Every structure is written in C-alpha cells, then in structure tokens.
Amino acid sequence: MRIHVHQSDLLCKKGCGYYGNPAWQGFCSKCWREEYHKARQKEIQEDWELAERLQREEEAFASSQSSQGAQSLTFSKFEEKKTNEKTHKVTTVKKSSVRLPGSDQRRVMF
C-alpha cells in the first residue's frame, strides 16, 4: 500500500516555497517564527492596553473616594493597631534573689 501526497500539500502555508511542518501548523521554520513573533507582539500590546486601562480605572476610583472614607480607613487602621497591641502584650516578670539564712547561697525567686 502506498500513500500519495501531493507536493503542494507539503509546502508552507504562506507560499514561500519551503516545506511546511505539521508541528508548526503547516508553516516552514522561517514563516513560523514570523507568525509566532507577530502573535506574541499582539498579545503584549493587548496586555499593555489592559494594564493601562486598569491603572486609569484604579486612579479614578481612588480619587472618587470621599475624605470621610479616607478618615474611616485611617481610624480602622488605628483600631486594628490597638487591638494587635493588646493581644501581643507580654507581661514582664521580675526576678529577685534572696539570701538563704545560714548559707552563702542565693535562691532566685520569680
């Protein structure tokens, strides 16, 4: 049994005259690099545009916040800090030493 494939089916999809490769979606290595590079550049451009749009929206949202909201946020931070200080407070224990009667030894007491 023989498989017959027409030569035009093996050529690069872009028509450059080189042979294509199924792993590169029918493009030759040169055309594949060009197509891949174009696609990557387009993705990068779209990502930049999205990042810029999100940055503008974030800045607009931040500027639209009222001073009351900012004061409330500051007060919340203050309350949070006070609560943390209360829960993390460590009690200090003083050590003292007492001389035992009739001896040169000292006993440490807590």
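Observations on the structure shown:
- Subset of region 15-59 (residues that are outside any helix (DSSP H, G or I) and in contact (Cβ under 8 Å) with a residue 12 or more places away in the chain): CYS16, TYR18, GLN25, GLY26, PHE27, CYS28
- Residues in region 4-18 that are modelled with pLDDT of 90 or more and either loosely packed, with under 13 Cβ neighbours inside 10 Å or over 45 Å from the mean Cα position of the chain (by Cα) (or both): GLY15, GLY17.
The values are calculated or read from the model by the stated rules, or taken from the named source; none is laboratory data. Predicted, not measured: the structure shown is a model, and the values here were computed from it. Cβ: placed from backbone, ideal geometry, glycine included. Neighbour counts: every protein chain shown.
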